[in-house]
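To start, the structure itself, in structure tokens.
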Amino acid sequence: MRPTVELTGEHNQIKIMLGVIDVACDRLAAGEALPAGHLQQMVLFIKGFVDKHHHDKEEGLLFPAMEAAGVPGEGGPLAAMSGEHDIGRQLVRQMSDAAAGYAAGQPGAAASFIESGRNYVSLLLAHIDKEDQILYPMADSRLSQEQQQELRRRFDEADAAADGSAELIEDLRGLQAAYQQQRPGLV
Ligand SMILES: [Fe+2]
Ligand SMILES: [Fe+2]
């Protein structure tokens, strides 16, 4: 499998979670009480699967390989994508604080989760779209067959080291069942 095909597959899992978060924010905004553990599971998935697993593979392996193949780093598309990862991490910190506050019954925690959650969903959906449509095709055309094989090998090592990913995907399925049915049109 081409390295970018694997990353696009991860995007599809991430988009399912973004749909879950979007529905959860709508339900909170409608005044519904949600299990606090669900909000914390959403945050744990983002921290573990999106940031630690997926974004680390991009920043640590794909982007350096693209830069070595001549794609501009500073001031170019790679820096722009990394910058969006950082904005996402700030929003995840807000979501994490809000989920903890919600579990503790703090007033305002739901509103804070809704705001940061919705901002995160729109940031990541646009980010994923740019990578799928522009950045990954650029990687496919710039990286030689050998460079892609080397990247494939490094991805396999990162995947093998990512213990906990299977549990996170299992949590994702549980949340998908609880939230996605509310809006069949979501991914
Ligand atoms: Fe990314
Ligand atoms: Fe990505």
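Structure values in brief
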| item | result |
| --- | --- |
| Formal net charge of residues neighbouring THR4 (Cβ-Cβ distance under 12 Å; K, R +1; D, E -1) | -2 |
| Accessible heavy-atom area order of ASP140, ASP163, highest first, probe of 1.4 Å | ASP163, ASP140 |
| Using θ = phi - 60° and Karplus 6.51 cos²θ - 1.76 cosθ + 1.60, couplings along the range 40-46 (whole Hz; Gly, Pro as x) | 5, 5, 4, 5, 5, 5, 5 |
| Chain lengthening between ASP56 and ARG2 when straightened (0.36 nm per residue, less Cα-Cα) | 17.7 nm |
| Cβ-based charge dipole, the chain, positive-most Cα from LEU125, ILE21, VAL71 | ILE21 |
| Difference of contour (0.36 nm per residue) and Cα-Cα distance, ASN12 to SER141 | 44.2 nm |
| Unit charges on C-beta of K, R, D, E only; dipole of the range 3-182, Debye | 380 |
| Label-point gap, in nm, between ASP129 and ALA80 - each point 7 angstrom along Cα→Cβ | 1.4 |
| Extension gain from ALA103 to ARG173, taking 0.36 nm per residue of separation minus the Cα-Cα distance | 23.0 nm |
| Folded to 0 to 90 degrees: helix 3-29 orientation relative to the chain principal axis, Cα | 20 |
| Using a Förster distance of 30 Å, the FRET efficiency for ALA158-LEU34 (Cβ separation, nearest 0.05) | 0.35 |
| Listed residue (ALA30, TYR136, ALA158) projecting farthest to the positive dipole end of the chain, Cβ model | ALA30 |
| Per-residue [θ]222 nm for the chain (sum of -39500 (n - 2.57) over DSSP H runs n ≥ 4, rounded to 500) | -23500 deg cm²/dmol |
| On Cα atoms only, tilt of 165-179 relative to the major axis of the chain in degrees | 40 |
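The values are calculated or read from the model by the stated rules, or taken from the named source; none is laboratory data. For clarity, every value in this text was computed on a predicted model and none was experimentally measured. We place every Cβ from the backbone using ideal geometry, glycine too, and count neighbours over all the protein chains shown. Quick note on the areas: whole protein, heavy atoms, side chains included, nothing else; ligands and nucleic acids left out. Shrake-Rupley method; radii C 1.70, N 1.55, O 1.52, S 1.80 Å.
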